[in-house]
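The values are calculated or read from the model by the stated rules, or taken from the named source; none is laboratory data. Note that the structure is a prediction, hence the values are computed from the model and not measured. Please note: Cβ atoms are built from the backbone with ideal geometry, for glycine as well, and neighbour counts cover all protein chains shown. Calculation scope for accessible area: heavy atoms of the full protein, side chains included, ligands and nucleic acids excluded. Shrake-Rupley method; radii C 1.70, N 1.55, O 1.52, S 1.80 Å.
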Amino acid sequence: MPLVTMDMNLNSSLKKAEISPNIVPENFSPSTLVSATYANGEDVALGNFIKPSESADVPKVTFVAPDETAEYTLLVVDPDAPSKEDPKWGPYRHWVITNIPASGDLSKGNALAPYIGPGPPPKTRDHRYIFLLYKQPRTQADFGTLAKESNNWDFKAFVNQHDLELIGVNFFISRNDDN
């Protein structure tokens with residue numbers, strides 16, 4: 001697929017899911033594709049639906065590094081905690097890995113926050129789980145530690161503080177299995 005078409009599809013999906021412009025800038029132009037696949041074979045695909053029970057385990061995330069000399073940071077956030085209509089606990093931090101080598105091997109990165117699978121409360125409708133991949137300005141950067149609480153995480157402040165450059169995004173939708 002030509003890059004222009006990919007950009008249009010991505011931006012259309014982000015806008016439709018109301019991820020752009022609040023979380024991802026409008027007309028974002030990715031440098032790489034972020035792929036995520038769960039153990040049961042479920043792929044994250046620009047807003048597809050995945051049940052919490054099918055996304056509870058750590059997914060396999062892959063990307064092609066646009067810069068072989070750089071390192072990368074992956075964030076997964078849910079802005080809809082406890083619900084999209086009342087996001088008083090959002091964004092909720094679901095995963096943070098820093099210093100990922102250009103090989104894309106997440107196990108060689110630094111897990112600042114372990115993966116927490118989706119757990120939307122009953123009757124809270126759809127939640128958006130957004131994978132954000134950033135290029136770091138430095139290798140082996142010191143990101144310090146994160147607060148223990150995963151709710152109300154100001155990921156934008158984290159991104160700004162560490163001068164991270166958004167290069168890829170993907171997301172899926174989930175809701176409580178009992179809804």
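Tally up the residues in region 23-52 that are surrounded by fewer than 16 Cβ atoms within 10 Å (Cβ to Cβ), without any contact (Cβ under 8 Å) to a residue 60 or more places away in the chain and within 18 Å of His94 (Cα to Cα), please.
3
For region 128-140, what are the residues that are over 17 Å from Glu42 (Cα atoms) and within 16 Å of the chain's Cα centre (by Cα)? Give the steps one after another, and end with the answer.
Residues of region 128-140 that are over 17 Å from Glu42 (Cα atoms), as a first pass: 132-140.
Leu132, Leu133, Tyr134, Lys135, Gln136 - these are the residues of region 128-140 that are over 17 Å from Glu42 (Cα atoms) and within 16 Å of the chain's Cα centre (by Cα).
Of everything in region 53-65 that's open to solvent by 70 Å² or more (accessible area, probe 1.4 Å) and outside any loop (DSSP other than H, G, I, E, B), which residue is nearest to Arg128 (Cα to Cα)?
Of the residues in region 53-65, the ones open to solvent by 70 Å² or more (accessible area, probe 1.4 Å) are 53, 57-58, 60, 64.
Now restrict to residues that are outside any loop (DSSP other than H, G, I, E, B): 53, 60.
Values: Ser53: 15, Lys60: 18 Å.
Residue satisfying both the conditions and the ranking: Ser53.
Output the qualifying pairs, or none if there are none: Cβ atoms under 8 angstrom, residues six or more apart or on different chains, first residue in region 157-179 and over 12 Å from Val24 (Cα atoms) and open to solvent by 20 Å² or more (accessible area, probe 1.4 Å), second residue modelled with pLDDT under 95 and among the β-branched types (Val, Ile, Thr).
Every condition considered, the pairs that remain are Arg175/Thr124; Asn176/Thr124; Asn179/Thr124.
Considering only residues that are more than 14 Å from the chain's Cα centre (by Cα) and closer than 14 Å to Thr62 by Cβ, which ones fall in region 104-118?
Selection gives Gly104, Asp105, Ser107, Lys108, Gly109.
Condition check ((1) small (Gly, Ala, Ser); (2) at negative phi) across all residues:
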position: Ala81; (1), (2): yes, yes
position: Gly104; (1), (2): yes, no
position: Leu112; (1), (2): no, yes
position: Ile116; (1), (2): no, yes
position: Arg125; (1), (2): no, no
position: Tyr134; (1), (2): no, yes
position: Val159; (1), (2): no, yes
position: Leu164; (1), (2): no, yes
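Residue check: is Pro122 more than 16 Å from the chain's Cα centre (by Cα) and at pLDDT 95 or above? Spell out how you get there, then give the answer.
Working: more than 16 Å from the chain's Cα centre (by Cα): yes; at pLDDT 95 or above: no.
No, not satisfied.
So, restricting to strands (runs of 3 or more DSSP E) that lie completely within region 66-179, which ones have at least 1 residues that are within 16 Å of Val34 (Cα to Cα) and among the β-branched types (Val, Ile, Thr)?
72-78, 92-100, 127-135, 165-174
In region 66-79, what count of residues is obtained for those that are farther than 14 Å from Ala102 by Cβ and open to solvent by less than 10 Å² (accessible area, probe 1.4 Å)? Give the steps one after another, and end with the answer.
Let us first name the residues in region 66-79 that are farther than 14 Å from Ala102 by Cβ, namely 75-79.
Checking which are open to solvent by less than 10 Å² (accessible area, probe 1.4 Å) leaves us with 75-78.
Result for region 66-79: 4.
Quick check, is Glu85 over 13 Å from the mean Cα position of the chain (by Cα), among the acidic types (Asp, Glu) and either under 16 Å from Val44 (Cβ atoms) or open to solvent by less than 40 Å² (accessible area, probe 1.4 Å) (or both)?
Judged against the criteria, Glu85 is not a match.
Examine region 104-123 for a residue that is in contact with a Gly (Cβ under 7 Å, 6 or more places away or on another chain) and crowded, with 19+ Cβ neighbours inside 10 Å, and state whether such a residue exists.
So the first thing to find is which residues in region 104-123 are in contact with a Gly (Cβ under 7 Å, 6 or more places away or on another chain), and the list is none.
Within region 104-123, not a single residue is in contact with a Gly (Cβ under 7 Å, 6 or more places away or on another chain) and crowded, with 19+ Cβ neighbours inside 10 Å.
Could you count how many residues in region 26-44 are part of a loop (DSSP other than H, G, I, E, B) and within 15 Å of Phe171 (Cβ to Cβ)? Full working, then the answer.
Of the residues in region 26-44, the ones part of a loop (DSSP other than H, G, I, E, B) are 26-34, 38-42, 44.
Add one more test, that the residue is within 15 Å of Phe171 (Cβ to Cβ), and what stays is 28, 30, 33-34, 38, 42, 44.
Result for region 26-44: 7.
Those residues that are in a loop (DSSP other than H, G, I, E, B) and not β-branched (Val, Ile, Thr), I need them from region 8-25; list them, please.
Quick first cut of region 8-25, residues in a loop (DSSP other than H, G, I, E, B) only: 17-25.
Across region 8-25, the qualifying residues are Ala17, Glu18, Ser20, Pro21, Asn22, Pro25.
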